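Student: Quick one: the structure is below, and I'll ask about it shortly.
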Amino acid sequence: MHKKTLALAALALSAAPAWADHPPVAQQGGRLAEAHGHRMELVTRGTVLEVLLKDEHNQPMPATGYSGKAVVMAPGGKADITLSPDGTMLTGALPAGADLAATVLALKAADGHSMNARFPALQAATPPAADLVAKGKPLYAAKCAACHGEALQGQAGWQAPPGAVKLAPALDATGHGWLHPDTQLAEAIRKGSDPMPAFATEMKEEEIAAVIAYFKASWPAATLAQQPKAAGPAATAVSAAGGGAHHGH
């Protein structure tokens, strides 16, 4: 690995996590890292790399005035990607096949303040089977879209703080469904959760699996790779950081 890459990685790893008071939430299904009092969320979608900045309270920060680069261990070798501000994020062109690769970010604000972070590589997860996704599409439209949205976007305002009126969350990567293993998602669909009705008597097990496959097909590869594979202490811990009040499919 290039010496500069090693230097950036060492700089990123030198910052100790300080998330106890405000647990981090990957609001776009990306990878999280702390960077000198701030946070970064790395989102990879095919051949696009997005970097969202957050303050110490996990609130989004504007990307205006920031610039920098990403060093990605792309297939065939290291790739340097220039990042430019684009609204609320910084973006860059990601080499094909590098969406799960280890990445080091080096950003600089207009005032000279620097932010560096390292994101480990992810293990690829098996995407939902195409035939199951196709079966789930009409089932989702008939059973779920009225509340969770035709585009999986959830009801407006679903991200309200705990204690607020429960609303149907998004089921794409911006929601918290990917924080739960398939077994928990299926159980939530069977049993329901106020105000979502129970579907145990309306849907067969294979239909529930098809609906889950349908909305999982919308998740980027990195989001799919981070979904817990089975319920347990790890899944419970990550679910606690998911936010949102309406749990279920």
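Student: For Asp131, are the conditions met, namely being of a type outside the set (Phe, Trp, Tyr) and modelled with pLDDT of 90 or more? Can you show your working first?
Tutor: Details: of a type outside the set (Phe, Trp, Tyr): yes; modelled with pLDDT of 90 or more: yes.
Criteria met by Asp131.
Student: Does Ala110 qualify as being closer than 19 Å to Gly37 by Cβ, surrounded by fewer than 21 Cβ atoms within 10 Å (Cβ to Cβ), in contact (Cβ under 8 Å) with a residue 12 or more places away in the chain and among the aliphatic types (A, V, I, L, M)?
Tutor: yes
To keep it simple, each residue is scored yes or no on (1) assigned by TED's automatic domain parsing to the domain that holds Gly192; (2) farther than 14 Å from Val211 by Cβ.
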site	(1), (2)
Ala98	no, yes
Ala101	no, yes
Met115	no, yes
Lys135	yes, no
Ala142	yes, no
Gln159	yes, yes
Lys166	yes, yes
Pro169	yes, yes
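Student: Taking Ala168, is it buried (at least 20 other Cβ atoms within 10 Å of the Cβ), touching a residue at least 24 places away in the same chain (Cβ under 8 Å) and not charged (D, E, K, R)? It would help to see each step written out before you state the result.
Tutor: On the way: buried (at least 20 other Cβ atoms within 10 Å of the Cβ): yes; touching a residue at least 24 places away in the same chain (Cβ under 8 Å): yes; not charged (D, E, K, R): yes.
Against the criterion (buried (at least 20 other Cβ atoms within 10 Å of the Cβ), touching a residue at least 24 places away in the same chain (Cβ under 8 Å) and not charged (D, E, K, R)), Ala168 qualifies.
Student: Among the residues in the range 58-80, are any in a strand (DSSP E or B), within 22 Å of Trp219 (Cα to Cα) and among the charged types (D, E, K, R)?
Tutor: no
Student: Take Phe215 and tell me if it is in a loop (DSSP other than H, G, I, E, B), on the phi < 0 side of the Ramachandran plot and modelled with pLDDT of 95 or more. Break it down stepwise before answering.
Tutor: Working: in a loop (DSSP other than H, G, I, E, B): no; on the phi < 0 side of the Ramachandran plot: yes; modelled with pLDDT of 95 or more: yes.
No, not satisfied.
Student: I've got another one for you. Exactly one of (1) over 22 Å from the mean Cα position of the chain (by Cα); (2) under 30 Å from Asp194 (Cα atoms); (3) in contact (Cβ under 8 Å) with a residue 24 or more places away in the chain is unmet by Pro138. Its number?
Tutor: For Pro138, the exception is condition (3).
The values are calculated or read from the model by the stated rules, or taken from the named source; none is laboratory data. Note that the coordinates shown come from a computational prediction; the quantities given were computed from them, not determined experimentally. Reconstructed Cβ throughout: ideal geometry from the backbone, glycine too, with neighbour counts over all protein chains shown.
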